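Below is one structure, written out as structure tokens; the observations come after it.
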Amino acid sequence: MNQPERNPLRRPVTRRDTLRVLAGSGAAAAAALTAGCGSKDERTTLRWWSPQASPDQLKAYKAQIAAFEAANPTIRVVFEATSDEGYPAQFATAFAARQLPNLVTHLPSFAAQQYYAEGLLEPVDDVIKAIGIDRYFAGANEVYRTSDKHYCATGIGNTAADMLWYRKDLLAAAGITAPPATWDELRSAAQKMQRDGIYGAALPYGMNAMTSLIFIGFIHRAGGQVFSPDLQVAIDSQPTYDALAFFQSMREFCPTGASNFSWGESLTAFVSGSTATGIYSGRVLANVAAQNPAIADAIGCTTYPTMSRDIPAWTYNDFPCLLIPKGAPHLAETKAFAASLYQPQLYAQQMHAAPGHVLPVLRAVADDGFYRANPLITRYAAEVDLMTKAATAGHNLGQETAAHKPNLKANEIIASNAIAELVQRVVLNKENPKAAVAATAVRLAELMRA
């Protein structure tokens, strides 16, 4: 079991340092491969955590690990799957027990900002320099910029998590010639397509993070915000009431089980053909191909409709990132491994593990023929390009717009389910919206002060 070093290496790790660690000799690698099976493994162990662990993703991670270990025969990397909903508790337990992973990927940017503000993360400036900041999309790392002018994390990918997915065949059968662009158009389309056991939509109404994260987007699509740019509570406003009214009006077009929907249930409802529209990221593409290929030619996506055409689109990007816990051992080796994950072909293979779901943060990879040759990316090139564009301009509660300060309490607010509770109180329990919103505003103010 690894314990944190008393004096972990603090000097900046240069690009040359990283490349030297990456460039292990072939002779040493061969010696490691021919070592006796019964000998004690004395290699340095690095632990990698991620909540993204589908079979194809695990295969891609294994290839990245194998390449790094082959170049660095004195190091082994162990991957450990975590949970999207449970990572705050897992992180707290790891710090309490001082059994820290060396590297964590695919957590949202607002979690990284909070953990860094609490002194729990190493800055990753050296990793970004080793990768080459000019290789990223412009501004890709600004969401990770901290008040002390460091980077608390770096993007492992982008995600357009709340695209409107739709069935072209069902739209056509309903006499609808274009995807909905406004809430009125979406409600009308859902009503027309809801027939023969198929529901119109797959919105979430459960007491969970998905409902909170998705509903924040609806507040913005009504022209509102949860907090003002200087982080004063701003949820008690007409756009919030409008968003609640629309969410309530859509409940009859969603499956009975939507009252408990989280990410998995919402995704499955659309992929299985149970709903005519869905709200999700590009993981829809791989799941349809694997689980329901009969509808593969009939699916498409667009940015989620807004209340009116004069309100700009707002896309939820959780900015899945790579971060390094403070106090984890073997810092130099950890940073070298982190940088190795961005070697172009292996990085593209990681994107291929969930085509369109986790989108590249490296410009050259997004345009590279190898990345784009993936069958699903080729087949759905227009959808992938739209998601890439939407995600690059995306936001989340950690920074609701470019004008907003980073909200270091966003992680706690999502974990509290305060916004999901608001949805349930108004939509499911039929409580007075003004009273429920006022109570939520008080709760948010308490969380900001805590």
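The values are calculated or read from the model by the stated rules, or taken from the named source; none is laboratory data. Keep in mind that what you see is a predicted model, and the values were worked out from it rather than measured. Here the Cβ positions follow ideal geometry from the backbone for every residue, glycine too, while neighbour counts run over all protein chains shown.
Output the residue which, of all residues in the stretch 293-334 that are within 24 Å of the chain's Cα centre (by Cα) and of a type in the set (S, T, N, Q), is nearest to Val358 (Cα to Cα). Top of the filtered list is Asn317. Does Ala313 count as assigned to a loop (DSSP other than H, G, I, E, B), of a type in the set (A, V, I, L, M, F, W, C) and modelled with pLDDT under 95? Considered against the rule, which asks whether it is assigned to a loop (DSSP other than H, G, I, E, B), of a type in the set (A, V, I, L, M, F, W, C) and modelled with pLDDT under 95, Ala313 comes out as no.
Note on the stretch 79-117: residues that are in a loop (DSSP other than H, G, I, E, B), surrounded by fewer than 23 Cβ atoms within 10 Å (Cβ to Cβ) and in contact with a Gly (Cβ under 9 Å, 6 or more places away or on another chain) amount to 2. Residues that are in contact (Cβ under 8 Å) with a residue 40 or more places away in the chain and closer than 30 Å to Ala353 by Cα: find the helices (runs of 4 or more DSSP H) completely inside the stretch 157-228 holding 3 or more of those. Those helices (runs of 4 or more DSSP H) span 168-173, 209-221.
Here Ala67 passes the criteria (1) assigned to a helix (DSSP H, G or I); (2) free of Cβ contacts under 8 Å to residues at least 40 places away in the same chain; (3) not β-branched (Val, Ile, Thr) except the one numbered (2).
Comparison of Ala410, Ala402, Ala354, Ala390 shows that the only residue that is of a type in the set (A, V, I, L, M, F, W, C) and without any contact (Cβ under 8 Å) to a residue 60 or more places away in the chain is Ala402. Checked against the criterion of being in contact with a Cys (Cβ under 7 Å, 6 or more places away or on another chain), buried (at least 18 other Cβ atoms within 10 Å of the Cβ) and either modelled with pLDDT of 95 or more or not basic (Lys, Arg) (or both), the stretch 254-268 contains not a single residue that satisfies it.
In a residue-by-residue description of the stretch 371-393, the property of being more than 27 Å from Gly223 (Cβ to Cβ), modelled with pLDDT under 95 and outside any helix (DSSP H, G or I) applies to no position.
Yes or no, residue by residue, for (1) part of a helix (DSSP H, G or I); (2) outside the structural domain of Ile128 (by TED's automatic domain parsing); (3) crowded, with 24+ Cβ neighbours inside 10 Å:
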{"site": "Ala294", "(1), (2), (3)": "yes, yes, no"}
{"site": "Asp297", "(1), (2), (3)": "yes, yes, no"}
{"site": "Cys301", "(1), (2), (3)": "no, yes, yes"}
{"site": "Leu323", "(1), (2), (3)": "no, no, yes"}
{"site": "Gly327", "(1), (2), (3)": "no, no, no"}
{"site": "Gln350", "(1), (2), (3)": "yes, no, yes"}
{"site": "Pro355", "(1), (2), (3)": "no, no, no"}
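When each of Ala201, Ala190 is tested for being touching a Cys at 6+ places or on another chain (Cβ under 9 Å), crowded, with 21+ Cβ neighbours inside 10 Å and farther than 16 Å from Tyr280 by Cα, the lone residue that passes is Ala190.
Here Thr275 does not qualify as over 16 Å from Ile377 (Cα atoms) and free of Cβ contacts under 8 Å to residues at least 40 places away in the same chain. Can you name the residue in the stretch 390-441 that is of a type outside the set (A, V, I, L, M), over 30 Å from Leu121 (Cα atoms) and in contact with a Leu (Cβ under 7 Å, 6 or more places away or on another chain) and, of all such residues, is surrounded by the most Cβ atoms within 10 Å (Cβ to Cβ)? Residue satisfying both the conditions and the ranking: Thr440. Taken as a whole, the condition of being touching an Asp or Glu at 6+ places or on another chain (Cβ under 7 Å) and either charged (D, E, K, R) or more than 18 Å from Tyr136 (Cβ to Cβ) (or both) applies to Lys405.
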